[in-house]
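A.B. asks: Please read through the structure below; I'll follow up with questions.
The values are calculated or read from the model by the stated rules, or taken from the named source; none is laboratory data. What you see is a predicted model; the values in this text were computed from it and never measured. No Cβ is skipped: glycine too gets one built from the backbone with ideal geometry, and neighbour counts run over all protein chains shown.
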Amino acid sequence: MGRWEPDARGRLQQAALELYSERGFEPTTVAQIAERAGLTERTFFRYFADKREVLFAGAGELQELLVSTLAESRGSGSPLAAVGEALEEAAGSMEQRRVYSRQRQAVIAANVELRERELIKLASLASALAATLRDRGVKEPEATLAAEAGVAVFRVAFDTWTSGPDQPDLAELIRESFVALRAVTAS
């Protein structure tokens with residue numbers, strides 16, 4: 001090992017993404033990721049439970065951001081509008097990670113196991129948003145419907161946002177997706 005360098009977690013994430021993109025997810029090992037990052041396997045496991053978690057480590061922070069934003073929102077609009085506002089606010093913090101997000105999505109799309117993990121994380125996000133809406137006094141089934149619809153809108157917008165560099169910013173895509181959802185439900 002060479003001289004100590006900062007941001008071991010970030011270096012591991014970058015090394016993993018590069019290797020997954022070059023070789024594929026399945027054949028890439030933790031040892032290869034650690035080596036590419038200039039770290040040990042032991043260091044890898046200080047930050048991540050397994051090689052899948054490298055791709056999903058930010059999901060918890062996104063969920064915390066969305067839940068806290070929704071909880072603090074004082075909007076008097078509908079539950080779905082409150083979820084939309086929280087999603088738009090979170091989108092701003094994601095904008096600087098567009099290239100990384102695009103690469104990450106390509107790796108996930110190429111692997112069934114990773115797509116399943118992504119769906120589990122999105123389901124967890126919807127549950128957390130629904131719980132937050134219930135804490136705000138929204139009754140069922142409105143709380144769950146607003147949360148699930150919001151996550152569906154986020155997923156559509158995120159997929160579009162990561163599909164190419166010429167896409168609008170994520171917040172704009174979220175707004176456009178909500179407009180499309182309203183059009184679909186009105187017809």
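A.B. asks: Filter the stretch 149-187 down to the residues that are closer than 19 Å to Pro79 by Cβ, of a type outside the set (A, V, I, L, M, F, W, C) and more than 15 Å from the chain's Cα centre (by Cα) and list them by number.
C.D. replies: Matches in the stretch 149-187: Arg175, Ser177, Arg182, Thr185.
A.B. asks: Restricting the search to the stretch 37-55, which residues are part of a helix (DSSP H, G or I) and crowded, with 18+ Cβ neighbours inside 10 Å?
C.D. replies: Across the stretch 37-55, the qualifying residues are Ala37, Phe44, Val54, Leu55.
A.B. asks: Right, another one. Please find, among Gln105, Gln96, the residue that is surrounded by fewer than 17 Cβ atoms within 10 Å (Cβ to Cβ) and within 19 Å of the chain's Cα centre (by Cα).
C.D. replies: Gln96
A.B. asks: Could you count how many residues in the stretch 153-187 are under 21 Å from Arg115 (Cβ atoms) and among the charged types (D, E, K, R)?
C.D. replies: So the answer is 2.
A.B. asks: Residues in the stretch 135-153: is at least one under 19 Å from Leu55 (Cβ atoms) and in a helix (DSSP H, G or I)?
C.D. replies: yes
A.B. asks: If a residue has to be over 21 Å from Ala183 (Cβ atoms) and either surrounded by 21 or more Cβ atoms within 10 Å (Cβ to Cβ) or not assigned by TED's automatic domain parsing to the domain that holds Leu62 (or both) to count, how many in the stretch 139-161 make the cut?
C.D. replies: The qualifying residues number 1.
A.B. asks: How do the pairs read when you match residues in the stretch 93-108 that are free of Cβ contacts under 8 Å to residues at least 24 places away in the same chain and of a type in the set (S, T, N, Q) with residues anywhere that are surrounded by 15 or more Cβ atoms within 10 Å (Cβ to Cβ) and in a helix (DSSP H, G or I), using Cβ under 7 Å and keeping only pairs 6 or more apart or on different chains?
C.D. replies: none
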